[in-house]
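Pasting a structure below so you can have a look.
The values are calculated or read from the model by the stated rules, or taken from the named source; none is laboratory data. Predicted model, so just to flag it, every value in this text is computed and none were measured. In this analysis, Cβ positions are derived from the backbone assuming ideal geometry, glycine residues included, and neighbour counts consider all displayed protein chains.
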Amino acid sequence: MEMIGLKKIFNFITHRVFVIAFLIFLEVVFIISMVWKFNIDYFIYFYIGSYVLGILLSIFIINGKTNPGYKIAWIMVILILPVIGLLIYLLFSGNQLSKREKMKLKEIYNHQIKNISQDEVVIDNLKRDSLTAYNQAQYITRYSLSPVCQNTEYEYFKVGEEYYKRLLEELKRAKRYIFLEYFIVEAGTMWNNILAVLKEKVKEGVEVRMMYDDLGCIMTLPNNYYKVLESYGIKACTFNKFVPIIRSKFNNRDHRKMAIIDGYIAFTGGINLADEYINEKIKYGHWKDNGIMLKGEAVWNMAVMFMTLWDFVRGSKYSYKGYKATASDLAKVKTDGYAIPYCDNPWDHEATGETIYLNMINKANKYIYITTPYLIIDNEMMTALCVAAKSGIDVRIITPAIPDKKIINEVTKAYYNQLMESGVRIYEYTPGFIHAKTFIVDDEYVTVGTVNLDYRSLYLHFENGVWLYKASIIKDIKKDYMETLQKSEEVCISKQDKLSRFQNLKRQILMAFAPLM
């Protein structure tokens, strides 16, 4: 028993997370001790300097282009912690690339533009069908570099189990290449079976590439797991490797979830490659997620998204020629509405994911149905939802009854009152945790993807989704939403009013710092 206990302790202190946390702790202690020493030796100068710097920094923040909520939260940190707050801001607030990285990113953007072009017939068709939809599409196309597509079919998956089964089937059918990009990957039934298929495909001569987020997998995969994958013949890399140096860029994670097969089939949604997403492992009750499969021309958008980020991470310059779907494959596909697979890049300082959501809300005439695991929204989103509800539009939001992160769930609940007072109806999914990120509007528009309603997804992470207009799949997504409502309990204002003063105060404090969570 003692040996087992010692082994557990050894495994804990040698785990990458502990080592990184310990080294960062030492960095923080060193910085604070240096500041403290300077403060003692040169108190007057230090105090005046910190005060002046705090004012200048606050003016800089106020005049910046970031979200107002984000500005207020940082100014509060600087005011509450005059010295340490300045350091925290300088170390963690930035979202800037080096000059070299900017040049590299510009090259990739140019490569993306060269490889994707808008079919003018398609965009003209959309303009004739609906000027409202056309205007929404124009924004997405310009800021996500993703053209509007037809000649595409779709399949909707209302739970991870369905998504996984279909993904496995299509991976086995791959003939030329497989691209996988996920935030979380963990050994278990789901990943082990997928990995077995990938190994077989490599033996058959299929090109397989795998990209995963290093921080997202820090607790689920061994360090440098990409080397293990490469030993199987799989081309692999990690996004934004997490090392024990305090850098603001570590805020930027690859939260995207995509599988692209032969340029003809693509999967996306909220589902990662881990067993809780298919309810093989029960962590927070029943895990309710969703996903979508695309078949046809729109898949090329997603293939280019993958390849451009791959090139950025690997520093490579692959030719995209030869990765498009074959003409014989595309000939099998029928047009079903309009689709734009899109991505959101935090480094371009354009909140594409949030603006797509806002456009959908502002264009609604009948209803707006939303599912989100987190509800931590800025003033623009709050205003848009409240105005829509006050205008008589049926606005409903489903959030989890069983949270995966308790403190984040407390922040989510802090937003309930203002929304409900305006007429927004909020439901909690009682069987467990809902991880789906879906907007459905008026039986005409839908978006399914990875963008949560929180500051990290909307401003700091790489995200992706699919915007659809007049696609037959919308009725399937709406049907699933209505069935999910039947399993959810509506939150009442009277229940919220019974909260203690302490609970209300705690939520108000959390709300003030929500943009930094």
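Surrounded by 24 or more Cβ atoms within 10 Å (Cβ to Cβ), aliphatic (A, V, I, L, M) and under 18 Å from the mean Cα position of the chain (by Cα), is that true of MET302? Talk me through it step by step, then tell me what you get.
Working: surrounded by 24 or more Cβ atoms within 10 Å (Cβ to Cβ): yes; aliphatic (A, V, I, L, M): yes; under 18 Å from the mean Cα position of the chain (by Cα): yes.
Yes.
If THR383 passes every condition in (1) within 16 Å of ILE356 (Cα to Cα); (2) among the polar types (S, T, N, Q); (3) touching a residue at least 60 places away in the same chain (Cβ under 8 Å) but one, which one does it miss?
Result: THR383 fails condition (3) only.
For the range 127-144, how many residues meet the condition of being touching a residue at least 60 places away in the same chain (Cβ under 8 Å), farther than 20 Å from ASP443 by Cα and surrounded by fewer than 20 Cβ atoms within 10 Å (Cβ to Cβ)?
Count: 3.
On to the next question. Would you please name the residue that is surrounded by the fewest Cβ atoms within 10 Å (Cβ to Cβ), looking only at residues in the range 65-97 that are part of a loop (DSSP other than H, G, I, E, B) and modelled with pLDDT of 65 or more?
Here is the first cut: in the range 65-97, the residues part of a loop (DSSP other than H, G, I, E, B) are 65-67, 81-83, 93-97.
Okay, now just the ones that are also modelled with pLDDT of 65 or more, so 65-67, 81-82.
Details: LYS65: 7, THR66: 15, ASN67: 19, LEU81: 14, PRO82: 13.
Among those residues, the one meeting the criterion is LYS65.
Could you check the range 380-462 for strands (runs of 3 or more DSSP E) lying wholly inside it with 1 or more residues that are hydroxyl-bearing (Ser, Thr, Tyr), modelled with pLDDT of 95 or more and closer than 18 Å to MET360 by Cα?
In the range 380-462, 438-441, 445-449 are the strands (runs of 3 or more DSSP E) which contain 1 or more residues that are hydroxyl-bearing (Ser, Thr, Tyr), modelled with pLDDT of 95 or more and closer than 18 Å to MET360 by Cα.
Step by step: first the residues of the range 199-234, then only those that are hydrophobic (A, V, I, L, M, F, W, C), crowded, with 21+ Cβ neighbours inside 10 Å and within 22 Å of GLY160 (Cα to Cα), then the one that is farthest from the chain's Cα centre (by Cα). Which residue is that?
Top of the filtered list is LEU221.
Among residues belonging to the range 176-205 that are assigned to a helix (DSSP H, G or I), without any contact (Cβ under 8 Å) to a residue 40 or more places away in the chain and hydrophobic (A, V, I, L, M, F, W, C), point out the one that is farthest from ILE278 (Cα to Cα).
From the range 176-205, those assigned to a helix (DSSP H, G or I) are 189-203; that's our starting set.
Add one more test, that the residue is without any contact (Cβ under 8 Å) to a residue 40 or more places away in the chain, and what stays is 192-193, 195-203.
Still in the running and hydrophobic (A, V, I, L, M, F, W, C): 195-198, 202.
Values: LEU195: 16, ALA196: 18, VAL197: 18, LEU198: 19, VAL202: 26 Å.
The selected residue is VAL202.
To continue, here is another question. Tell me the residue from ALA384, ALA436, ALA388, ALA364 that is among the hydrophobic types (A, V, I, L, M, F, W, C), outside the structural domain of ASP289 (by TED's automatic domain parsing) and farther than 21 Å from ASN135 by Cα, please.
Details: ALA384 fails: farther than 21 Å from ASN135 by Cα; ALA388 fails: farther than 21 Å from ASN135 by Cα; ALA364 fails: farther than 21 Å from ASN135 by Cα.
Exactly one of ALA384, ALA436, ALA388, ALA364 is among the hydrophobic types (A, V, I, L, M, F, W, C), outside the structural domain of ASP289 (by TED's automatic domain parsing) and farther than 21 Å from ASN135 by Cα, namely ALA436.
A further question follows. So how many residues does the range 219-275 have that are modelled with pLDDT of 95 or more, outside any strand (DSSP E or B), of a type in the set (Val, Ile, Thr) and in contact with a Leu (Cβ under 8 Å, 6 or more places away or on another chain)?
Within the range 219-275, residues that are modelled with pLDDT of 95 or more, outside any strand (DSSP E or B), of a type in the set (Val, Ile, Thr) and in contact with a Leu (Cβ under 8 Å, 6 or more places away or on another chain) number 1.
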